[in-house]
Every structure is written in C-alpha cells, then in structure tokens.
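Report on the following structure.
The values are calculated or read from the model by the stated rules, or taken from the named source; none is laboratory data. None of the values given here were measured: they were computed from a predicted structure. Positions of Cβ are backbone-derived with ideal geometry, glycine not excepted, and every protein chain shown enters the neighbour counts.
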Amino acid sequence: MDITLSTCFIAVDDHDKALAFYRDALGLEVRNDVGFEGMRWVTVGSPEQPDVSVVLEPPLADPNASPADRQTMAELLAKGLLRGVIFDTADCDATFEQVRAAGGEVLQEPVDQPYGVRDCAFRDPSGNMLRFTQARGK
C-alpha cells in the first residue's frame, strides 16, 4: 500500500488571528482562502512540503448543527481539547524563540524527551496545542 498524508484540519474560532499566527509567526504559506454559507476555510502549508496542507476550519463546519452542539464545540476548542499538530523543525530552540517572540502562548519550553526528540509546545490563538520537534542528534 502506498499512502501519504495530504491534509489535516485544525479548528479555529477566528480565521484572521489564526492566519496571522500560522502565516506570520510560523511562516506557512496561504494556499487557499474560501467561504461558503457564512463559514471560512483557509489552507496553509510549509513551502518545504507542497503536498501537505493544513486546513484552518470553523469549529463545527456544519450549517445544520444545533446551537447546543456549536456551544459544546466552542467550549472544547477554548479548553484546547480538539486537534493538535506536531511540526518537525531542524532547530527546536530557535523555533521556540521565534514563535515566543511572535506572541505564541508557551505551554512547554524546549526539553529533551525520553523518546528521542527535543520538543516544545505552544497554543495557537484558538487554543489548539502545537508541538515542534527536533530529532536528537540533528
């Protein structure tokens, strides 16, 4: 079987804040920005990985969802309990400093993990956890 990852999704509650973070703080390129039925999807990705995209989507992309479901999703997002993403980096410490300087909410400073990586963690403007990992020895 020959399969590869093409797209992953991150729920965001404010696309403009999310776009500023993912584009300006992380350096991802904007690949698409579309609206439909009052909702918005923004696709971003690393210039180093043109075949992998991250879609910044509304927390509940269902126009028929109940107000209670929308409230539940908003609460889960605010608590950081929805999706998370792990990015690889060649220099965890430099990436940490860059994201922190851009205003990223620090969850964990760089640390060597027992499973072979050095990593750090942030929350994006919507509360999603993002980790940045560097293989030890690189």
Legend entry - From Arg136, Arg100, Arg123, residue being among the basic types (Lys, Arg) and over 25 Å from Asp24 (Cα atoms): Arg136
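Return the residues of the stretch 41-58 that are touching an Asp or Glu at 6+ places or on another chain (Cβ under 7 Å) and buried (at least 19 other Cβ atoms within 10 Å of the Cβ); say none if nothing qualifies.
Val42, Val44, Gly45
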Legend entry - Per-region count, the stretch 73-97, residues of a type in the set (A, V, I, L, M, F, W, C), touching a helix residue (DSSP H, G or I) at 6+ places or on another chain (Cβ under 9 Å) and under 14 Å from Leu26 (Cβ atoms): 1
Inset, instruction - Identify all residues within the stretch 108-138 that are touching a helix residue (DSSP H, G or I) at 6+ places or on another chain (Cβ under 9 Å) and either of a type in the set (Ser, Thr, Tyr) or under 24 Å from Pro58 (Cβ atoms) (or both); write none if there are none. - result: Phe122, Asp124, Pro125, Ser126, Gly127, Asn128, Leu130, Thr133
Inset, instruction - Answer yes or no: is there a residue in the stretch 16-35 that is small (Gly, Ala, Ser), without any contact (Cβ under 8 Å) to a residue 60 or more places away in the chain, farther than 23 Å from Ala101 by Cα and touching a strand residue (DSSP E or B) at 6+ places or on another chain (Cβ under 6 Å). - result: no
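Within the stretch 98-118, take every residue that is charged (D, E, K, R) and exposed (fewer than 13 other Cβ atoms within 10 Å of the Cβ) and give me the one that is farthest from Gln134 (Cα to Cα). Don't jump to the end; show me each part of the working.
Initial filter on the stretch 98-118 (charged (D, E, K, R)): 100, 105, 109, 112, 118.
This time we only want the ones that are exposed (fewer than 13 other Cβ atoms within 10 Å of the Cβ), so: 109, 112.
Details: Glu109: 13, Asp112: 9 Å.
If we take residues in the stretch 98-118 being charged (D, E, K, R) and exposed (fewer than 13 other Cβ atoms within 10 Å of the Cβ), then Glu109 is farthest from Gln134 (Cα to Cα).
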Legend entry - Yes/no for Gly137 being on the phi > 0 side of the Ramachandran plot, at pLDDT 90 or above and surrounded by fewer than 19 Cβ atoms within 10 Å (Cβ to Cβ): no
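Within the stretch 76-88, can one find any residue that is in a loop (DSSP other than H, G, I, E, B), within 28 Å of Gln134 (Cα to Cα) and at pLDDT 90 or above? It would help to see each step written out before you state the result.
Restricting attention to the stretch 76-88, the residues satisfying the condition of being in a loop (DSSP other than H, G, I, E, B) are 79-83.
The next check asks that each one be within 28 Å of Gln134 (Cα to Cα); those that pass are 79-83.
From what's left, at pLDDT 90 or above: none.
Taking every residue of the stretch 76-88 in turn, none turns out to be in a loop (DSSP other than H, G, I, E, B), within 28 Å of Gln134 (Cα to Cα) and at pLDDT 90 or above.
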Inset, instruction - Filter the stretch 37-53 down to the residues that are out of contact with any Ser or Thr (no Cβ under 9 Å at 6 or more places or on another chain) and in a strand (DSSP E or B), then identify the one that is modelled with the highest pLDDT. - result: Val42
Legend entry - Tabulated pairs, the stretch 66-82, first among the charged types (D, E, K, R) and loosely packed, with under 15 Cβ neighbours inside 10 Å, second modelled with pLDDT under 80 and not in a helix (DSSP H, G or I), C-beta under 8 angstrom, 6+ apart or interchain: Asp69/Leu60; Asp69/Asp62; Arg70/Pro59; Arg70/Leu60
Legend entry - Test for Glu105: is it out of contact with any helix residue (DSSP H, G or I) (no Cβ under 8 Å at 6 or more places or on another chain), closer than 17 Å to Ala11 by Cβ and of a type outside the set (A, V, I, L, M): yes
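Any chance the stretch 62-74 includes a residue that's aliphatic (A, V, I, L, M), assigned to a loop (DSSP other than H, G, I, E, B) and at pLDDT 80 or above?
No, there is no match, as no residue in the stretch 62-74 is aliphatic (A, V, I, L, M), assigned to a loop (DSSP other than H, G, I, E, B) and at pLDDT 80 or above.
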